[in-house]
Each structure stands twice: as structure tokens, then as C-alpha cells.
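The values are calculated or read from the model by the stated rules, or taken from the named source; none is laboratory data. These figures come from a predicted structure and were not determined experimentally. Quick reminder, even Gly has a Cβ in these numbers, built from the backbone with ideal geometry, and neighbours come from all protein chains shown.
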Amino acid sequence: MKKTISLVMILAILFVLTVDMANAKLVACVGDSITYGSGISNRNYNSYPAQLDRMLQKFDNQWQVQNFGVSGATLLRNADKPYVQQSAYNQVLAAEPDAVIIKLGTNDSKPHNWIHKDDFISDYIFLIDTFAELPSKPKIWICKPVPAFNDNFGISNAVIKDEIIPLVSQIAELKSAEVIDLYTALSDASALFPDGIHPNAEGAKLIAEAIAPVSTPDFNGDGIVDAADMSIIVDHWGENYPLCDIGPAPFGDNIIDVQDLIVLAEYLFTEPGLIAYWKLDETEGIVAKDSAGANDANIVGDPLWQPDGGMVDGALQLDGVDDYVGTDFILNPTEESFSVFAWVKGGAAGQVVLSQAGGANWLSTNPSDGNLITELKGTGRSASPLQSQTIITDDNWHRIGLVRDGSLRTLYVDSVAVAQDTQDGLGGLENGLYIGIGNAMQPGTYWSGLIDDVRIYNRVVTP
Ligand SMILES: [Ca+2]
Ligand SMILES: [Ca+2]
Ligand SMILES: [Ca+2]
């Protein structure tokens with residue numbers, strides 16, 4: 001079995017290497033008012049396609065999601081507002097998407113529409129076929145509609161549950177389309193549907209989460225996609241294992257097989273979510289190149305490049321007097337999970353490795369003994385810094401890190417979690433970062449030592 005799988009792996013990789021990778025990858029969300037986002041405050045940000053777009057960007061920022069929902073639209077072509085007669089339908093065809101999510105059926109359940117129920121299968125197949133025949137050959141996912149928690153607007157939950165959902169299952173089988181079961185995923189969410197039919201922002205988030213892949217191809221969360229992640233696929237071969245279900249891209253098919261391997265191969269040796277990376281391998285000049293994004297950093301003062309003196313190739317030596325590195329805005333710590341890591345050597349108690357200008361010191365040392373701390377904290381009255389008991393100013397190389405995972409705050413030294421707590425609502429802002437100096441450039445916060453390999457991820461990475 002192992003031998004077969006490794007052969008399949010090699011073939012998958014060869015296949016991917018010969019495929020010309022498209023640039024932008026478009027997901028078209030076809031649907032009714034639930035997709036459109038009727039009644040949702042700040043619809044452009046909170047509709048389910050908008051939230052799905054942000055989730056998918058974490059998987060791969062090449063993907064984009066567009067909302068083609070039309071309020072009142074039906075799947076049935078003889079009903080009162082057929083989707084295929086709306087301009088949005090023609091826009092989907094013209095956009096030539098790479099993936100299509102169809103979420104229709106709710107308005108079909110109205111009695112005056114459901115009299116045409118005998119056409120449901122053929123009309124659904126018509127819709128799938130017109131998308132499938134596009135030159136872009138999109139992969140198609142079809143959704144079991146969300147529940148109707150009140151039979152509002154003439155919509156019937158009994159028809160959705162007892163008639164439409166079994167038909168959607170049949171259609172999926174007939175067309176080998178993938179099914180996303182939003183009915184089950186949202187069945188306990190009535191509180192998030194104020195009128196019983198339309199989700200609020202929180203409900204739309206649950207819809208997006210039910211569709212989006214649960215992880216990046218870095219399954220073990222160590223930062224890089226490599227053989228270790230591939231072996232997790234092998235360990236779960238043939239299972240319904242959501243963590244690894246990344247193929248067909250981008251939403252998977254509830255089974256781990258060669259399609260997941262093909263998608264993984266596309267990301268092999270990439271570092272998903274690495275949004276800024278200063279290797280500090282320069283030999284001269286006043287610019288530190290960002291190898292992951294477009295945020296080259298500016299060297300201030302007269303630090304010394306140490307091309308042979310770093311932990312990973314070269315590093316930058318700061319004098320503790322007037323040297324630091326300034327960057328543009330990278331990330332607002334208020335908003336999402338993130339991880340920052342750096343190699344450091346030297347320094348002294350009270351000095352700072354990484355801070356946000358005008359914000360908080362993200363990675364710094366306790367003024368009394370040089371223990372690693374973070375002063376990035378909540379905005380509430382009980383908020384406080386997180387202190388470790390691990391000295392990092394002992395003149396040895398240490399890899400230090402701060403990881404934000406939901407409400408958890410964790411400090412790492414040399415791959416060991418040295419302090420952790422929960423802290424709600426971190427204070428943050430849209431300012432740039434300082435490497436090697438405190439948030440307000442206070443005397444005594446200038447780092448006196450080496451800094452190397454500074455990485456920022458927009459997700460949780462376990463060192
Ligand atoms: Ca990995
Ligand atoms: Ca799969
Ligand atoms: Ca380096």
C-alpha cells in the first residue's frame with residue numbers, strides 16, 4: 001500500500017509540474033438573497049461570499065470569491081424569478097470562474113413555484129451543465145439549502161428538508177458534483193437568522209466556514225509544506241478527514257485521495273501565510289529586503305551587516321544606541337490570528353526586538369532580568385503583559401516568537417512554549433513595525449546585539 005501511494009505521489013507531482021498554473025482563481029457564488037446578503041449590515045464585508053473570500057485568501061491569496069446572488073431567485077426555470085433569466089447568470093458565464101458554488105432552492109419551496117417540482121432535476125442539471133461547459137471548466141459544488149427557521153415569505157422548510165435536499169443529493173450523484181450540506185451545518189443556528197430565512201453576519205460566517213477549507217496545505221502547522229504534510233495525507237488515505245481535504249481545490253470532496261495530493265504538490269515547499277520575511281542577509285546598504293511580500297524595511301542608524309555572522313546566513317548587528325529597522329504596515333494584531341518569529345543574540349534587559357510604532361512592544365525583555373515578554377495586550381482594564389521566566393539576553397542565539405491563536409497568547413523560546421494565557425481583544429493599529437527598538441523609541445529600548453530571520457505569518461504557526 002505504501003509503495004502504491006508513493007508512486008501515486010510522484011505521478012501527482014509530475015502532473016502538477018506540467019500544468020500551467022493560472023494566476024487569479026475565481027470562485028463564483030450563485031444563489032438567492034441568502035448569498036446576496038439581504039438584511040446583513042455592511043453586506044460587502046459580511047455576506048457569506050465576502051467572508052469566504054477572506055478565509056480563502058489565507059489558504060492562497062490567488063483565490064477570489066465573487067457574489068452573484070440575486071434576491072428571490074429560483075432554480076426552477078418556470079418559477080417566478082428564474083436565476084438563469086437574471087443578468088447575474090450571464091455575468092457568471094462571462095467571468096469564466098474556476099469554481100462555482102450553487103446555493104439555490106429556498107425560493108423554489110414556495111407553493112406557487114414548487115408546482116413545477118418535476119422540473120427540478122432537469123433544471124438543476126441544465127444550470128450545472130452551462131457552467132461545466134465553460135472554457136474555464138470550473139469545478140462545481142452544490143449546496144443543500146440552509147433551514148428555513150420560520151416559513152416566512154411563503155418559503156417552506158418541510159419542502160426544503162423532505163423534497164429539495166433529497167433531490168440535491170440525487171443531482172450530485174448524477175453529475176458527480178460535490179455537495180456542501182449547509183442544512184446540517186446551520187441546523188442549530190436559528191438565533192443567527194433574525195427573520196428565519198436570512199442569516200446575520202454571524203450566520204453568514206458559519207455558512208462560509210462550512211464551505212471553506214479548514215486548513216492550509218501546511219497540515220502540521222510548522223510553517224512549511226513538505227514531506228511531513230504529505231505523510232499526513234498518506235496516514236488518512238481514503239478517510240473523510242477535513243484537515244487534509246484540500247482537493248479538488250479549493251473546497252475538497254470529503255475524501256482524502258490523489259486529488260488532495262495534487263493540490264498539496266502545487267504548494268510543496270511554500271510557506272502559506274508568510275506575509276513578511278526579512279532574512280537580513282544583505283551585505284551592505286540601508287534596505288532589508290522582504291522576501292515574502294513587498295515591504296522592504298529601512299535601516300536607520302549605523303548597524304553592521306554580518307553576512308557570515310547570522311543564525312541563518314547573515315544577520316544585522318545593532319549597537320543599542322541609535323540603530324533600528326522600520327517597516328511599513330504589515331498586520332493589525334486586533335483582527336486575526338498571527339505569528340511572529342525572530343532569531344536574536346545578545347541584547348540586555350529592557351530592550352525590544354519587535355514593536356508596533358505607537359502601539360505595543362510585541363517581543364521584548366523584562367527590564368529587571370531579560371526574560372522574554374510581550375506587552376501586546378487587551379484593551380480592557382484587567383489586560384496585562386505576558387511574562388516568561390526565560391532569559392534571552394544570555395549571549396546565545398535564541399529563536400523567539402509570539403503566536404496569537406484565537407484568544408490565546410503564547411510566547412516561544414527555541415521552539416518551547418514558555419508562557420501562555422488568554423487575552424481578549426488585543427490593542428492594535430494600522431502602523432508599521434520597528435525591529436530593534438521600542439514602540440515610542442524610548443532610550444534603553446534599543447537592541448544591542450544580533451537580529452536575524454524575522455518572519456510574520458497571518459496564521460498560527462507552531463515552531
Ligand atoms: Ca508543514
Ligand atoms: Ca479531497
Ligand atoms: Ca539571515
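Below is a table of values for the structure above.
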read-out	value
Scope the stretch 308-321; condition surrounded by 14 or more Cβ atoms within 10 Å (Cβ to Cβ) and part of a loop (DSSP other than H, G, I, E, B); matching residues	Gly309, Gly310, Met311, Asp313, Gly314, Gly320
Close pairs from the stretch 291-302: first on the phi > 0 side of the Ramachandran plot, partner part of a strand (DSSP E or B), Cβ under 9 Å, at least 6 apart	Gly301/Leu318; Gly301/Asp319; Gly301/Tyr324
Qualifying residue in the stretch 278-300 (condition: among the aromatic types (Phe, Trp, Tyr), more than 16 Å from ligand 2 (Cβ to nearest atom), touching a Gly at 6+ places or on another chain (Cβ under 7 Å) and in the same structural domain as Gln442 (by TED's automatic domain parsing))	no
Candidates Val92, Val84, Val30, filtered to the one that is in the same structural domain as Phe193 (by TED's automatic domain parsing), modelled with pLDDT of 95 or more and in a strand (DSSP E or B)	Val30
Per-region count, the stretch 229-260, residues in a helix (DSSP H, G or I) and more than 16 Å from ligand 1 (Cβ to nearest atom)	3
Some residue of the stretch 226-234 being in contact with a Pro (Cβ under 8 Å, 6 or more places away or on another chain), at pLDDT 95 or above and within 30 Å of Ser109 (Cβ to Cβ)	no
Residue list for the stretch 121-155, restricted to those being within 23 Å of Gln91 (Cα to Cα) and assigned to a helix (DSSP H, G or I)	Ser122, Asp123, Tyr124, Ile125, Phe126, Leu127, Ile128, Asp129, Thr130, Phe131, Ala132
Filter result for the condition that a residue is within 16 Å of ligand 1 (Cβ to nearest atom) and out of contact with any helix residue (DSSP H, G or I) (no Cβ under 6 Å at 6 or more places or on another chain), over Asp188, Asp226	Asp226
Residue in the stretch 220-229 that is more than 16 Å from ligand 3 (Cβ to nearest atom), over 20 Å from the mean Cα position of the chain (by Cα) and farther than 25 Å from Ala172 by Cα present	yes
Pick from the stretch 206-219, criterion aliphatic (A, V, I, L, M) and surrounded by 18 or more Cβ atoms within 10 Å (Cβ to Cβ), ranking: nearest to ligand 3 (Cβ to nearest atom)	Ala212
Pairs where the first residue, in the stretch 161-174, is touching a residue at least 40 places away in the same chain (Cβ under 8 Å) and the second is basic (Lys, Arg) and assigned to a helix (DSSP H, G or I), C-beta under 9 Å, 6+ apart	Glu163/Lys117; Ile164/Lys117; Leu167/Lys117
Subset of the stretch 94-116 that is surrounded by 15 or more Cβ atoms within 10 Å (Cβ to Cβ) and out of contact with any helix residue (DSSP H, G or I) (no Cβ under 7 Å at 6 or more places or on another chain) - its residue that is farthest from Arg43 (Cα to Cα)	His116
Residue that is farthest from Asn42 (Cα to Cα) [pool: residues in the stretch 190-203 that are crowded, with 18+ Cβ neighbours inside 10 Å and hydrophobic (A, V, I, L, M, F, W, C)]	Ile197
Leading residue by the ranking (farthest from Val461 (Cα to Cα)) among those in the stretch 195-224 that are touching a Pro at 6+ places or on another chain (Cβ under 9 Å) and within 16 Å of ligand 2 (Cβ to nearest atom)	Ala212
Candidates Thr462, Thr379, Thr422 - the one that is over 19 Å from Val352 (Cβ atoms), touching a residue at least 12 places away in the same chain (Cβ under 8 Å) and not assigned by TED's automatic domain parsing to the domain that holds Asn295	Thr462
Cβ pairs under 7 Å, 6+ apart, first in the stretch 60-85 and over 23 Å from Ile40 (Cβ atoms), second of a type outside the set (Ser, Thr, Tyr) and part of a strand (DSSP E or B)	Gln62/Lys25; Leu76/Pro82
Residue list for the stretch 89-104, restricted to those being free of Cβ contacts under 8 Å to residues at least 24 places away in the same chain and hydrophobic (A, V, I, L, M, F, W, C)	Ala94
Subset tally (residues that are part of a helix (DSSP H, G or I), of a type outside the set (Val, Ile, Thr) and either in contact with a strand residue (DSSP E or B) (Cβ under 9 Å, 6 or more places away or on another chain) or within 9 Å of ligand 1 (Cβ to nearest atom) (or both)) for the stretch 209-223	1
Selection within the stretch 261-292 - touching a helix residue (DSSP H, G or I) at 6+ places or on another chain (Cβ under 9 Å) and either more than 16 Å from ligand 1 (Cβ to nearest atom) or polar (S, T, N, Q) (or both)	Ile262
